[in-house]
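Here the structure is laid out as structure tokens; the discussion comes afterwards.
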Amino acid sequence: MPDLNAPHPAVPPAPPPASPRPWPQRVPVLIAGGGPVGLTLAALLARQGLAALVVEADDGYCAGSRAICMARRSLEVLGWVGADRPTVETGLPWVGGRSYYRDAQVLHFRMPSEPGERFAPMVNIQQYYLEAFAHDAALRGAAPADVRFGARLQALRQHAGGVVAEIQAGDRVVEVDAQWLVACDGGRSTVREQLGLRMEGTQYEGRYVIVDIVQKTRRDVERLAWFDPPSNPGSTILMHRQPDNVWRIDYQIRDDEDPDEAVRPEHVLPRVQSHLDMIGETEPWRPLWISMYNAKCLTLQEYRHGRVLFAGDAAHLVPIFGVRGLNSGLDDAGNLAWKLAWVLRGEAADSLLDSYSAERLHATRQNLAYGAKSTEFMAPPDFAFRLMREATLRLALTEPAVRSLINPRQSAPIAYAGSALNGPSDFGADCPGAAPGAPAPEMRVAGPDGIGHLTQCFGQRFTLLWFRAADGPALPEPLAALAHAQPHALQVHAVVTGGAAGASALADVDGQALERYGARPGTLYLIRPDGYVMARWREPSWDAVRAALAPLLQTGAPHAS
């Protein structure tokens with residue numbers, strides 16, 4: 001029998017501490033949980049000049065592939081700290097997938113993709129790689145994070161100025177006083193338990209066995225799904241290729257099967273072999289990791305509780321179907337990091353963090369709605385759903401119009417409709433895809449410092465985008481003065497259409513500014529550090545621009561360099 005605990009040679013080991021370090025007594029941010037969300041948050045704060053302390057109960061990176069599908073938006077977030085390049089270089093990009101009913105194809109879908117795009121719609125990569133890349137980025141920031149493995153937060157108490165955490169580190173307990181505590185400690189969050197909080201929602205009964213195997217293949221990288229396959233009648237099977245010749249295989253077990261018995265190798269390996277035989281994968285293979293999963297649609301009702309904030313699985317549990325779990329967690333980190341930085345530097349009131357809770361709770365509710373629909377199709381909760389799915393799959397064999405019902409609705413960024421941060425727009429109903437609260441659309445640009453895509457400009461500061469013609473006037477003086485006054489918090493980019501941009505502006509390479517931004521000469525956009533549109537003007541009033549920025553450009557405590 002193979003040793004399922006033997007590490008795969010490709011799993012990156014966590015770097016050992018350079019030397020025994022004393023524990024800090026006080027920190028600005030303590031992050032409980034050193035998974036991909038906690039480490040990415042630490043890296044984003046490090047780039048903002050804030051050194052977080054991260055405590056992770058495990059001794060290193062996770063075992064098994066776990067979350068594997070990284071959406072384009074997640075790659076943008078990782079790009080803000082330089083972790084996108086190793087992710088893309090290591091991972092396997094894909095744009096679509098196929099679904100089969102028994103052995104007949106009933107769906108071939110493709111996600112939006114275009115030539116010259118910065119990132120593919122999805123990249124498959126094992127979670128332990130993401131943890132390693134985010135960890136490395138957290139150590140390379142302007143204020144490197146302090147990451148401690150083998151250290152578990154076990155108790156906490158809040159006070160007016162922060163949170164005192166008791167941390168079990170080896171054979172000793174240390175106390176750390178943090179101005180803010182962020183719980184990124186997963187679905188069994190100790191922080192959530194300490195505060196007596198419970199998630200609300202739905203937990204589904206259907207269970208999936210998750211298996212990583214090593215096997216060489218020449219198949220394209222795409223999402224593969226089988227409903228009631230001849231290899232495993234009555235089951236649903238998902239397959240994804242991963243780096244290092246690893247297949248990720250998920251299959252549903254029957255309701256009457258014992259979950260403890262279902263994950264025993266002697267029960268798993270024959271099912272995997274049967275399916276590999278059916279699809280013609282004949283290369284030798286061996287298992288790496290076996291686990292069990294069941295879908296949950298659960299969330300806290302608030303992600304801020306005093307000086308404690310929740311992110312990732314500690315805040316919400318989203319079904320794997322549509323890959324919204326880790327992707328939504330990385331979006332939590334992207335939303336929270338700049339707001340924490342602004343509050344800690346005294347540039348905004350701590351009420352700004354209430355917008356984190358409101359915006360990300362809104363996103364979670366949408367993700368849960370999509371996830372519930374996908375779960376009810378992938379793992380029908382009762383006879384009526386099973387009957388409806390069977391009818392849909394049978395019709396899809398001959399009726400193309402039905403096939404969209406099988407689409408897994410892959411993860412996509414969610415607009416913050418109604419956010420308290422959304423500012424003015426004088427566009428009327430024009431260009432809703434770039435309205436306040438929407439993620440700023442991507443554009444190919446040509447600019448200084450190797451900028452080839454507009455989203456490369458986001459991630460750290462507010463951005464003012466000034467659209468002008470190639471022969472139009474230079475940057476208006478009030479606009480230049482705004483950026484000059486607070487360069488650590490605000491940047492200005494001129495976007496030029498209809499010609500070369502020159503040395504300091506961005507050229508609209510494909511003429512996309514009008515279509516995607518509704519832009520004409522003189523249009524001004526205000527983009528948040530996390531790449532969301534905050535306000536926009538076709539005819540900007542500089543008093544209105546300054547008023548939109550005023551609550552977020554206060555001059556309190558000195559900013560971090």
Please give the FRET efficiency for Asp471 paired with Arg85, using the beta carbon to beta carbon distance and R0 = 41 Å, rounded to the nearest 0.05. 0.65
Charge dipole (debye, nearest 20) of the chain; +1 at Cβ of Lys and Arg, -1 at Cβ of Asp and Glu: 560
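Which order do the peptides 511-517, 31-37 come out in when sorted by mean C-beta neighbours inside 10 angstrom, highest first? Provide the component values of the computation, followed by the final result.
Details: 511-517: 17.4, 31-37: 29.9.
Output ranking for 511-517, 31-37: 31-37, 511-517.
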Under 20 Å Cα to Cα from Lys373, which lysines show up? Leave out anything in the same chain fewer than 8 places away. Lys296
Using a Förster radius of 25 Å, what is the FRET efficiency between Ala429 and Val509 based on their Cβ-Cβ separation? Nearest 0.05, please. 0.35
Compute the label zone of Phe383 within region 254-282: residues whose backbone N is under 19 Å from the point 7 Å along Cα-to-Cβ. 254-257
Test of the criteria: in region 88-142, which trypsin sites (Lys or Arg not before Pro) are in a DSSP loop and have at most 16 other Cβ atoms within 10 angstrom of their Cβ? Arg102, Arg140
Could you tell me what percent of the DSSP beta bridges with both partners in the chain are antiparallel, to the nearest 5? 70
Considering only C-alpha atoms, what is the centroid distance from region 22-63 to region 148-179, in Å? 13
Could you work out how far apart the two model spin labels at Gln554 and His488 are, taking each label as a point 7 Å from the Cα in the direction of the beta carbon, and quote it in nm? 1.6
Expressed to one decimal in nm², the mean projection of the alpha carbon convex hull of region 432-552 is 6.7
Give, in whole angstrom and from largest to smallest, the semi-axes √(5λ) of the equivalent ellipsoid of region 202-296, with λ running over the eigenvalues of the Cα gyration tensor. 22, 14, 13
For the pair Asp171 and Asp260, the simple spin-label estimate (label points 7 Å beyond Cα toward Cβ) gives in nm 3.4
Sort out for me the Cα centre separation of region 304-346 from region 217-261, rounded to whole Å. 30
Kindly provide the pair-distance distribution of region 406-445 built from C-alpha pairs, with 5 Å bins from 0 and whole-percent values in order of increasing distance. 5, 18, 23, 21, 15, 11, 5, 2
Under a plain spin-label model, where a point goes 7 Å from the Cα along Cα-to-Cβ, how far apart in nm are Ala104 and His267? 3.3
Taking the DSSP beta bridges in region 432-552 as the whole, what percent of them are antiparallel, to the nearest 5? 55
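None of the figures in this text is laboratory data; all of them are computed from the coordinates on show. Just so you know, these numbers come straight off a predicted model, no measurement behind them. All Cβ positions, glycine included, derive from the backbone under ideal geometry; neighbour counts span all protein chains shown.
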